[in-house]
Amino acid sequence: MTTATVTVTIHEAPDVIQPRQHGKPGGLLRYCNFVTALILGIVLAALAYWITGMFTTGEALNANFVPIGINVQITAMYVGWVVGFMIGIGAFVGPIRWFLGRDLTHADAEYLAGRGQGRMKFWKYTTDHKIVGIQYLIVSMALLGFGGLLAMLIRTELGVTWAELFNPNFYNSIIGTHGIVMIIAMIVVVSGPLGNFIVPIMVGARDMAFPRLNALSIWLLVAAIPPLASNLALGGLRDGWTVYQPLADQAPVGMIGYQITIITFGFSTAIASVNLMTTIVKMRAKGMTWSRVPIFVYGIFASSLMGLIWFPMYQYSQWFALSDRVINTSFYVPAQGGSVWLYENLFWLLGHPEVYVIVLPGVAALLELMVVFLRKPLFSYKFAVAGIFGIVGLSAVVWVHHMYMTGWAPSSNYPFMLSTEMISIPISFLVLVMLGTMWRARPWTRLPMMAVYAVVWNKVIGGITGVFLSDVPVDQYMHGSMFVVAHFHYMLMGAGLFSAMAAIAYWFPKMTGRYLDNRWGSIGFWVAFGGFQLTFLSMFAAGLQGMPRRVLQFDSLFNVSNWISTIGAYIIGIGMLIFLAAVINSWRSGEIAPANPYGAKTLEAQVPTPVPPENFAVLPVITSDPYGYGSPDPYELEDEARRAALEGGEPAKVGAS
Amino acid sequence: MSVTEPLSPTTGEPVSVVASRNRLGVWFIIISCTTGSLSLLISYSYLWSLNVNSAWAPPNNAWATLWPFWAIFVGEILAGLAMRWGWKGMEKGDRGRMLAGSLISSLLLIAAFVGQVAQIMTFPFGPSDGAYASVTFWFALSNAGWVLLSSFLAFGIFNRTLAGKITATNASHAGLVAMWLVWLAGVAFIGAICTTTMQESPNTNSPDFGNFQEP
Amino acid sequence: MKRLLIVLGTVIVGIGIVAGSAAFGHWKAAEPAVIKAVVDGTSPTPDGDRTHAKLELAIYPQSSGAVPGPQLNDTGANVAANGQGWPFYWPSTSIELPANSVVEVTIHQYDSGGTIYNPWFAKPQGIVEGTFTVNGSPEVGVSPTNVAHTFTIHQLPEGNQPYLFVSVPVPAQSANAPTDANGYPTKPIDVTFTFRTGAPGTYVWNCEFPCGTYYVSFGGPMSQRGYMSGTVKVV
């Protein structure tokens, strides 16, 4: 991307009339941090539990014969936790200051952005998008670690076919918790760290559009995690990550943790989406027309758009489930006019677009980085953008394929089969753009580029099996089997997580100032990739044999495939740990990276590392697209030379360029 | 850029640039909130059309009285109009109009909130009395929540005008709140129109799942 | 070298965390301690004499000071934190039986009941001669309106073990039965039945009369091992 000289003057603080400074810069936020948040969260949770306990009895049952008292208490406890945590971190200071007319001064804003606070800024309500990006990176890695640990426990149980390691309740709970923890982790793992750290710089902005909302979104995510994790101590989450009704209504009170988490995470997602989308639409550098926007930015925008539109449906589905428990409504109680199909519809209206919320940013990141390592323009940029928005559009009309076997509106199965099969077309656009960009290129074999090949492989397998499953007759056989589990792991982990690893490896130097150790990072990546194939190809086999998902006990017919899957899972675990060690090592003492380590043309590669507080000393002006590599294309020159040689009757020089 | 246009004290940008950004952000928030409210609309119409277990209607067909829905809707419309009137006045330099408009808007919203709570307290059914009762409770509860939040915003505008933060050259926050109040009225309208036009379920031959009892 | 050591250290720590979590999960969520049927001689069968074993179980409506309810292995803690008010089988739901034997089970029943949803389970299945005794008198079934629980063993989805399906209804105590200081009826209803085991295998058993909490009573004790369900291991 070519940039011109300064055209916009920066208004430094002294030039601008400042509001009155109330106390020291930062005000109350000087006293708020993660520790105060923890303390207030715990205190308010305990208080809410205790106070509601005085007004509720444990005997009264609601329409589902659930004791209302304990449900009210546990709900109050979780709400107390979230509200207390957010008060403690300082999330309510901004709105109250706004109400009182105590607007931020430049000094306040500088304090909030973490200036001069050392490492403490990572533990506070810090507004700088780069800090928030790092916070997201740490939180998503922690979530992946927790979800991965549960995955190892699941595979251990399924691999120990000669004994029961856990009892069914605990097993089902770790299945459900693993599912939703990984879904949350995968939703944030690219959009969070890279959407926040990289995108504002990539579009030429000084920060996100709403810096305080940015801090709010990450801390809401942090507040959302403990209720979910605590379900394991409160009876567990035994109904899978989908928590279908009426199972969710029957479930122990741990289910309330899930519901509060989704409601809280819903706010976090909406706020983050609004922030990213507004930044992209309104804060692009001058000259960055929509045809010059890096493809990664399109991926983030599309993911945010889907999250913004569809996540509230999921959030409301949990509001209703919670109110069925606590205030005795009957949204999902058929005896009182409710319908469990209502739940499934509301759930899957987000549930399927969420797959693309996860996959699109990662795949767009691969498109972004592969041009750098191939030194070629992106093949058919417009095709890629069309693919991304084709997915966004069609994702709205495919949710019923999850409900073929529920008996809901059978006549709608076939239109939805068609729409689901159609969505493979825009997805194929993206794969074709990847292949087209690779065509006749000479790759620079660094880890991020190698990951592209891995993801294409995974995506093709996940995509093809997805087309099978979208077919009603096939789904009648495969529904609820391990085949489905293997399929969505190929998409969410194979395409999503491996893309995220590549993206983090690619932008690691910009975020930390150091290269990610290519050797150990690659070893970890490829070990995990090999283990992944072993685990899930074998799981396809188990599914084809007829093994149902979410079961602890199964026929010995499935032993071999489960042993292979478990060995594969351990290999994934080892690979991921090696990758983690490479990240830790590199972050602490890796090779110092220059500002533009891979010679990229996008804006984030043009700013110094570490990135200055305001990103750009002067705002850039864009004068060309970001993919002007190798122009004119050496292969075209070679072809022309060949043609000329042929026309001239002389033999072409093979390999000439 | 106007020479006299003030600059944001935190970013140094002209306030019109910040206002434009804020406006888009509020639009996105409204889109998100709208799809959330669509979940209620879907739930209402879906359960109304199914009449599962013949349990859509509340006991003895004791439907909610309709006029409070519409009264609250009108209150919210007027609150939005008052805020808009004040905002437009402020843009012309009329601070008195801004103060009056935001105060009227705040009071109307408080009245709408009180009315909404009163309606909830006097529904002729409890939340467990069938599907209609459940969704109607939720319409009312969610509207009460939104109105409470909106009254905070409206009072905030009044207070900020008093504090001199809303000025002729920097009145965009009032405009944003006025915009938000239009959406608020839209939500109330969805509840009012649903409860008015979709009362008796069209499905008179619904499946009967019996009445589960504890053994 | 330093990097290699850090990688090795990370992998070892990771493996340790997984192993530790698995061990903790096993300890925390393990089945109740196993109760073994007591072999007390032989019993004639059409296939010749077979080992005879006896098993005694009880059903209580809730835990008390005298009968603390399902406990984790050696921890003394209730399996479910809120399970003190739930009915449960006692002393354990993890049962071990000898293979190729005749097993005589006696259940001392202290719980009330009602009308079973599926009356098929009010009749015994898979027991010797199709009869069982209630307080010593032989029966071929109980009234579907007066069932407390059932004891039903199911075949696991396991192709290489012998079929085993046993189901016996357990009649309910009268609501007016006199109770002791712990709130239990002073006199249990004693149900005795006999069935045969084949080759070794692993099975699950549960109560087929939903007697729990939550939606149609499938929550609580019905969905928590150690109360109304467990395992049967034939060894």
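Looking at A:Trp348 and the list (1) within 14 Å of chain B (Cβ to nearest Cβ); (2) crowded, with 24+ Cβ neighbours inside 10 Å, which single condition is not satisfied?
Failed condition: (2).
On the basis of being in contact (Cβ under 8 Å) with a residue 24 or more places away in the chain, surrounded by 24 or more Cβ atoms within 10 Å (Cβ to Cβ) and farther than 21 Å from A:Thr242 by Cα, does A:Pro294 make the cut?
In short, yes.
Please specify each residue of segment C:13-57 satisfying the condition of being touching a Ser or Thr at 6+ places or on another chain (Cβ under 9 Å), part of a strand (DSSP E or B) and under 30 Å from C:Gly113 (Cβ atoms).
Selection gives C:Val34, C:Ile35, C:Ala53, C:Lys54, C:Leu55, C:Glu56, C:Leu57.
Mind listing whichever residues of segment B:23-46 are more than 13 Å from B:Val187 (Cα to Cα), facing chain A (nearest Cβ under 8 Å) and more than 14 Å from the chain's Cα centre (by Cα)?
The answer is B:Leu24, B:Gly25, B:Phe28, B:Ile42, B:Ser43, B:Tyr46.
Report whether or not A:Met283 is touching a residue at least 40 places away in the same chain (Cβ under 8 Å), more than 11 Å from chain C (Cβ to nearest Cβ), of a type in the set (A, V, I, L, M) and in contact with a Pro (Cβ under 8 Å, 6 or more places away or on another chain).
So A:Met283 fits the description; yes.
Go through (1) more than 18 Å from the chain's Cα centre (by Cα); (2) at pLDDT 95 or above; (3) over 30 Å from B:Ala55 (Cβ atoms) one by one and return the number of the condition B:Ala168 breaks.
Unmet for B:Ala168, out of (1) more than 18 Å from the chain's Cα centre (by Cα); (2) at pLDDT 95 or above; (3) over 30 Å from B:Ala55 (Cβ atoms): (2).
Inside segment A:443-458, can you point out the residues that are of a type outside the set (S, T, N, Q) and outside any loop (DSSP other than H, G, I, E, B)?
Answer for segment A:443-458, where residues must be of a type outside the set (S, T, N, Q) and outside any loop (DSSP other than H, G, I, E, B): A:Leu447, A:Pro448, A:Met449, A:Met450, A:Ala451, A:Val452, A:Tyr453, A:Ala454, A:Val455, A:Val456, A:Trp457.
In this structure, does A:Met434 turn out to be crowded, with 21+ Cβ neighbours inside 10 Å, more than 21 Å from the chain's Cα centre (by Cα), within 22 Å of A:Phe525 (Cα to Cα) and in contact (Cβ under 8 Å) with a residue 40 or more places away in the chain?
So A:Met434 fits the description; yes.
Determine whether A:Val340 is crowded, with 24+ Cβ neighbours inside 10 Å, touching a residue at least 24 places away in the same chain (Cβ under 8 Å), of a type in the set (A, V, I, L, M, F, W, C) and more than 7 Å from chain B (Cβ to nearest Cβ).
No; evaluated as a whole, the condition is false for this residue.
Given the options A:Gly116, A:Gly148, A:Gly176, A:Gly94, name the one that is within 30 Å of the chain's Cα centre (by Cα), away from chain B (no Cβ under 14 Å) and over 30 Å from A:Ser339 (Cα atoms).
A:Gly148
So, A:Ser565, is that one under 30 Å from C:Pro162 (Cβ atoms), among the small types (Gly, Ala, Ser) and surrounded by 22 or more Cβ atoms within 10 Å (Cβ to Cβ) or not?
So A:Ser565 passes the test.
Suppose the filter is modelled with pLDDT under 85 and either outside the structural domain of C:Leu55 (by TED's automatic domain parsing) or of a type in the set (Lys, Arg) (or both); does C:Arg196 pass it?
no
Considering each residue of segment A:12-56, count those that are within 28 Å of B:Pro14 (Cβ to Cβ) and surrounded by 13 or more Cβ atoms within 10 Å (Cβ to Cβ), and give that number.
So the count comes out to 10.
Does A:Gly599 satisfy the condition of being modelled with pLDDT under 95, more than 28 Å from the chain's Cα centre (by Cα) and at positive phi?
No.
For segment A:142-260, list the helices (runs of 4 or more DSSP H) that sit wholly inside it and hold at least 1 residues that are among the hydroxyl-bearing types (Ser, Thr, Tyr); which are they?
Qualifying helices (runs of 4 or more DSSP H): A:168-189, A:211-229.
In segment C:193-235, what residues are of a type in the set (Gly, Ala, Ser) and surrounded by 23 or more Cβ atoms within 10 Å (Cβ to Cβ)?
C:Gly212, C:Gly219, C:Gly220, C:Ser223, C:Gly226, C:Gly230
Of the numbered conditions (1) touching a residue at least 12 places away in the same chain (Cβ under 8 Å); (2) under 22 Å from C:Ala175 (Cα atoms); (3) of a type outside the set (A, V, I, L, M), C:Ser137 satisfies every one except a single condition; which is it?
With (1) touching a residue at least 12 places away in the same chain (Cβ under 8 Å); (2) under 22 Å from C:Ala175 (Cα atoms); (3) of a type outside the set (A, V, I, L, M) applied to C:Ser137, the lone miss is (1).
Across segment B:1-25, which residue is modelled with the highest pLDDT among those that are assigned to a loop (DSSP other than H, G, I, E, B) and touching a strand residue (DSSP E or B) at 6+ places or on another chain (Cβ under 6 Å)?
B:Pro6
Right, C:Asn146: within 14 Å of chain B (Cβ to nearest Cβ), buried (at least 17 other Cβ atoms within 10 Å of the Cβ) and either in contact with a strand residue (DSSP E or B) (Cβ under 6 Å, 6 or more places away or on another chain) or within 27 Å of C:Gln62 (Cα to Cα) (or both) or not?
yes
Hey, among the residues in segment C:1-12 that are of a type outside the set (D, E, K, R), more than 8 Å from chain A (Cβ to nearest Cβ) and assigned to a helix (DSSP H, G or I), which one's farthest from A:Ala582 (Cα to Cα)?
C:Ile12
Can you go through C:Gly212, C:Gly159, C:Gly220 and tell me which one is without any contact (Cβ under 8 Å) to a residue 40 or more places away in the chain and either within 14 Å of chain A (Cβ to nearest Cβ) or at positive phi (or both)?
C:Gly159
Do we find a residue being part of a helix (DSSP H, G or I), farther than 23 Å from A:Arg446 by Cα and in the same structural domain as A:Ala505 (by TED's automatic domain parsing) anywhere in segment A:358-366?
yes
Condition check ((1) more than 14 Å from every other protein chain (Cβ to nearest Cβ); (2) surrounded by fewer than 18 Cβ atoms within 10 Å (Cβ to Cβ); (3) closer than 30 Å to B:Glu200 by Cβ) across all residues:
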residue: B:Arg84; (1), (2), (3): yes, no, no
residue: B:Lys88; (1), (2), (3): yes, yes, no
residue: B:Lys92; (1), (2), (3): yes, yes, no
residue: B:Met98; (1), (2), (3): no, no, no
residue: B:Ile104; (1), (2), (3): yes, no, no
residue: B:Ala118; (1), (2), (3): yes, yes, yes
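State whether one or more residues within segment A:496-516 are assigned by TED's automatic domain parsing to the domain that holds A:Ile134, among the charged types (D, E, K, R) and out of contact with any Asp or Glu (no Cβ under 7 Å at 6 or more places or on another chain).
No, the conditions are met nowhere in segment A:496-516.
How about segment C:178-206: which of its residues are among the hydrophobic types (A, V, I, L, M, F, W, C) and free of Cβ contacts under 8 Å to residues at least 60 places away in the same chain?
C:Ala181, C:Val204, listed by residue number.
Cβ-Cβ below 7 Å, separation at least six or inter-chain, first residue in segment B:152-173 and more than 8 Å from every other protein chain (Cβ to nearest Cβ), second of a type in the set (Phe, Trp, Tyr): which pairs?
Between residues of segment B:152-173 that are more than 8 Å from every other protein chain (Cβ to nearest Cβ) and residues that are of a type in the set (Phe, Trp, Tyr), the close pairs are B:Leu153/B:Trp180; B:Ala171/B:Trp87.
What about C:Met228, is it closer than 30 Å to C:Glu129 by Cα and in contact with a helix residue (DSSP H, G or I) (Cβ under 7 Å, 6 or more places away or on another chain)?
Here the answer is yes, as C:Met228 does meet what is asked.
The values are calculated or read from the model by the stated rules, or taken from the named source; none is laboratory data. Keep in mind the model is a prediction, meaning the values are calculated, not measured. Methodologically, a virtual Cβ is constructed for each residue, glycine included, from the backbone with ideal geometry; neighbour enumeration extends over all protein chains shown.
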